[in-house]
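Trainee: Sending over a structure as structure tokens; questions will come in a sec.
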């Protein structure tokens, strides 16, 4: 559910903890804790706040998208899952999308396509869909990405299969798809 500023003010009252203060405390705790469980929980909370556009101004001032991008490079698969979830939730907004693009986010999101977690891969595909603009289409629909989508489009997992198939159909040219099929056939990874 999206919130308005007046709704948040009514809900928290004149002396309630404001959204900015709360997000700041989460960021501080994330940066200062040594507990991987705490980091994972905080990343999950921040990813949930990325659903609501009213938070984006705070995300910008607190560099929360940078936390998400950094989280994509972590070894902890759960942390990566929540970080890509945050990216996925936030990249629907033009300003956030551009920030992710400008800070090498596409490469980081693409790296999530090979993760073990179904949720991570689903969020990565969805993020790539939101990140496709004329300037990024060539990188996002490059042959290695298309090869990965072809494999996922034959997954036994219906969600992965459908989302990858939609990506191929809606964003990829037939020539790139054919090139990816040819490479896979040459290397013994036949998709069709």
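Read-outs: derived from the displayed coordinates by stated rules, not from any lab. Please read these numbers as outputs of a predicted model, since none were measured by experiment. No Cβ is skipped: glycine too gets one built from the backbone with ideal geometry, and neighbour counts run over all protein chains shown.
Trainee: Whole number please: convex hull volume per residue, Cα atoms of region 26-69, in Å³.
Mentor: 61
Trainee: Working from Cα positions, state the angle (0 to 90°, nearest 10) between the long axis of helix 174-186 and the longest principal axis of the chain.
Mentor: 70
Trainee: Between 0 and 90 degrees, rounded to the nearest ten: what's the tilt of helix 143-152 against the longest Cα principal axis of the chain?
Mentor: Helix 143-152 sits at roughly 90 degrees to that axis.
Trainee: I would also like to ask the following. In percent, what relative contact order does the chain have, based on Cα pairs under 8 Å that are 6 or more apart in sequence?
Mentor: The normalised contact order for the chain reaches 14 percent.
Trainee: Also, quick follow-up: Using only C-alpha positions, report the orientation-averaged shadow area of the convex hull of the chain, nm², one decimal.
Mentor: 12.1
Trainee: To the nearest 10 degrees, how steep is helix 19-32 against the longest Cα principal axis of the chain, on a 0 to 90 scale?
Mentor: Roughly 70 degrees, rounded to the nearest 10.
Trainee: On to the next question. Can you run the Rg to Rh ratio on region 57-148? Use alpha carbon positions and the Kirkwood inverse-distance Rh.
Mentor: 0.94
Trainee: Find how much the distance from residue 156 to residue 95 grows on full extension, using 0.36 nm per residue of separation minus their present alpha carbon separation; answer in nm with one decimal.
Mentor: Full extension from residue 156 to residue 95 adds 18.4 nm.
Trainee: Between rounded, prolate and oblate, where does region 141-192 land on the alpha carbon gyration tensor, with a ≥ b ≥ c its root eigenvalues, rounded for a/c under 1.5, else prolate if a/b exceeds b/c?
Mentor: oblate
Trainee: Please list, by residue number, everything in region 63-80 whose backbone N is under 14 Å from a paramagnetic label point 7 Å out along Cα→Cβ of residue 44.
Mentor: Output list for this probe position: 77-80.
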